[in-house]
Amino acid sequence: MNKINAYGYFMREVGQKLEKKDFVIEDLPPGHIAVKVAGCGLCHTDITFLNGSVKTKHPLPLVLGHEISGAIVASGAAAGLSLIEGKKVIIPAVLPCGECELCRAGRDNICQKQKMPGNDFHGGFASHIVVPGKYVCELPQDLKGNELWQLSVIADAVTTPYQALIRSGLKSGELAIVIGVGGIGIYMVQHA
């Protein structure tokens, strides 16, 4: 792998402006990919990290951002044959371990070892991000008139209410009540 010159906007201290800093990606761990970030949504979670009402798991400095879309620019050993350079992807906001009892039981949404970009490791407020390749969502090359950066919010704001809708068992013609139609609630209204 050729080294990748990248930059990120690092949170150095609570309540302070993000600081742009260059970094280099030289080696990818096995099973990981490097993604050139096309877009990264700003979530309320990022704001709570910035204002200090919620602490990040990774010590500062840290690049925030967990609603990420982009294109693969490099892959480490055993990252998956379909994870090739140029492939457009969405990086899930939460990455389960895939190994624990909960994951094996199909409950990876409550995996106790899950990792979140911009909380457990450097996130998407950067030019590039390194993530495990096994859970990225591959997109078709033809995005039907959408720009790749526009799809970043699918990683959290769109899929969180979608999962809640599926788990609710709501059926066509039934009444759905959505309390709070902010950034996530408005997507729930659209899903319902």
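None of the figures in this text is laboratory data; all of them are computed from the coordinates on show. Everything quoted here is computed from the prediction, not taken from an experiment. Every residue, glycine among them, receives a Cβ derived from its backbone with ideal geometry; neighbour counts consider all protein chains shown.
Points worth noting:
- For A78 and Y135, the difference between the fully extended length at 0.36 nm per residue and the C-alpha to C-alpha distance is 19.2 nm.
- One decimal place: the segment I110-S53 gains 18.3 nm when fully extended, by the rule 0.36 nm per residue minus the C-alpha distance.
- Loop-resident sites, segment 61-134, for GluC sites (Glu not before Pro), counting at most 15 other Cβ within 10 Å (DSSP): E85, E99
- Relative contact order of the chain: 24 percent, from C-alpha pairs under 8 Å at least 6 residues apart in sequence.
- Neighbourhood net charge (15 Å Cβ-Cβ; Lys/Arg +1, Asp/Glu -1) for A192: +1
- GNM flexibility winner over the chain from G15, G169, G76 (Cα, springs under 10 Å): G169
- Rounded, prolate or oblate (a/c below 1.5 giving rounded, otherwise prolate when a/b exceeds b/c) for segment 53-122 by Cα gyration tensor: oblate
- For the chain, the convex hull spanned by the alpha carbon atoms encloses 141 Å³ per residue.
- Aspartates and glutamates with Cα under 16 Å of K55, excluding same-chain neighbours fewer than 8 positions away: E13, D46, D120
- In terms of distances greater than 28 angstrom between alpha carbons, the cross-link table entries K115/K144; K21/K88; K3/K88; K3/K115; K20/K57 yield K115/K144.
- Tilt relative to the chain, helix 159-168 - C-alpha long axis, 0 to 90 degrees, to 10: 30
- Taking Lys and Arg as +1 and Asp and Glu as -1, the other residues whose beta-carbon sits under 12 Å from that of C43 total -3.
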